[in-house]
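The values are calculated or read from the model by the stated rules, or taken from the named source; none is laboratory data. Predicted model only: the values in this text are computed from it and were never measured. Heads up, the Cβs are rebuilt from the backbone with ideal geometry, glycines too, and the neighbour counts pull from every protein chain shown. Please note that ligands, DNA and RNA were not included when accessible areas were found on the heavy atoms of the full protein model with its side chains. Shrake-Rupley method; radii C 1.70, N 1.55, O 1.52, S 1.80 Å.
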Amino acid sequence: MKMKNRILIVLAAVLALTTFSCSTLKELGYSPEIKMESVAIKGLDFEGITFTCDYSISNPYPLSFSIQKVDASINCSDLTYAELTTDNGIKVEARGNRKNTFTFKIPYETILKIAKETDGKESLPFAVKGAAYLDLSAVPLANLSSLELPFNVDFEVPVFKPHFSVSNARLVMPSVSELTSMLKNSGMAVTKAASVAAQIISGKSVTEALLSGVDLNFKFTFDLNVSNEGNSSWKCNLDNCAIKSGSSDLIDLALSEKELTANSNVVPVTATLNTLKMGKFIVQMINKSGEDPEFSVDSKLSFTELKYINDIPLSYSAKIPLSKISTK
């Protein structure tokens, strides 16, 4: 009788183990779980904002399983902006914790369109909602072929759209007398100096050989226009400005200011060009012929109302057409 009771108890225990439901496993702390980390801005360009969403899935079992897929929708005010499916086949090791990240992009046009209905808000409340679907067919103990782990994480999106542009490019020309004096001081004969000065000032075509060995400085100036089409309070720090003509970098570049807080800014930029180093480029600007120079600047954006969003890199570059560079 005792032996029979023991057999019945063992059979009952085996039956109980093979009939565990997902809810029973969860109650015992013996079910996979998903943990959502923060949603953060990965990067900016001039089309939109790319976000990352970090998550981790824990595996309490002595056997590994895989993720069938992660489905997520990007929502704002209960409206779905986009849907994505990702991470198919990722493996979660036995008794391990698998961390992973998926990314998505929200265009500025979408942000501004939604913002029109929010009466001047500086940020919009978005959410990532979805579920991770697990393949548990390799884990007999779970008694489940699959498992759905829902998730929901909120995040704020700044209402802005950055604009950068270059305008009013100009090669600052000295007067004829000033230029003649500079050429004479560089060792050029008086008659030739006067002739060369008149040729340069008049805008006539000149050759690089004409300035060979001449030590002159010209100023190349233009405006960098930086603006924010949106309501977010922002700060834009400018750094690493450069101008490149062909394979040559132009140095001695100065900005009138580097920290911008207004939504619309005009930043004067000045480059000092020396004929001994940049004679070819100066000649190209005078003749308006050759390869257009390229201006580039690195910036870091911060949003003062969203404390967790700081120093996000945004780089800008643009060709400056030689035909648009004034020499008058």
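Tell me the angle of helix 176-185 to the major Cα principal axis of the chain, expressed in degrees between 0 and 90 and rounded to the nearest ten.
90
Cα to Cα, under 20 Å, and not fewer than 8 places away if on the same chain: which lysines meet these conditions relative to residue 129?
In chain and number order, the partners are 35, 42, 69, 99, 105.
Where does each of 320-327, 291-298 land if you order them by average Cβ count within 10 Å, highest first? Walk me through the intermediate numbers first.
Values: 320-327: 15.5, 291-298: 17.6.
In decreasing order of mean packing, 320-327, 291-298 become 291-298, 320-327.
Count neighbours as other Cβ atoms within 10 Å of each site's Cβ, and list the trypsin sites (Lys or Arg not before Pro) in the range 70-114 that are DSSP loop with at most 12 such neighbours. List each step's numbers first, then the result.
Values: sites: 91, 95, 98, 99, 105, 113; in loops: 95.
Here the trypsin sites (Lys or Arg not before Pro) that fit, given the DSSP loop and packing criteria, are 95.
At a 1.4 Å probe radius, carbon and sulfur cover how many percent of the accessible area of the range 117-160? Present the calculation step by step, with values, prior to reporting the outcome.
Working: 910 of 2000 Å².
Taking all protein chains in place, the range 117-160 shows 46 percent carbon and sulfur surface.
How much of the accessible area of the range 192-328, in percent, comes from carbon and sulfur atoms when a 1.4 Å probe is used?
46
Just the accessible area per residue of the range 188-282, please: how many Å² with a 1.4 Å probe?
49
Taking only the alpha-carbon positions of the range 227-328 and ignoring solvent, what does the Debye formula give for the base-10 log of I(q)/I(0) at q = 0.21 Å⁻¹?
Results for the range 227-328 at q = 0.21 Å⁻¹ read -1.09.
For residue 192, go through the lysines and keep the ones whose alpha-carbon is under 28 Å away, minus same-chain ones fewer than eight residues off.
Result set, ordered by chain and number: 184, 204, 219, 277, 280, 288, 328.
Can you give the calculated 222 nm mean residue ellipticity of the chain, where each DSSP H run of n ≥ 4 adds -39,500 (n - 2.57) and the sum is split over every residue, rounded to the nearest 500 deg cm²/dmol?
That calculation yields -6000 deg cm²/dmol at 222 nm.
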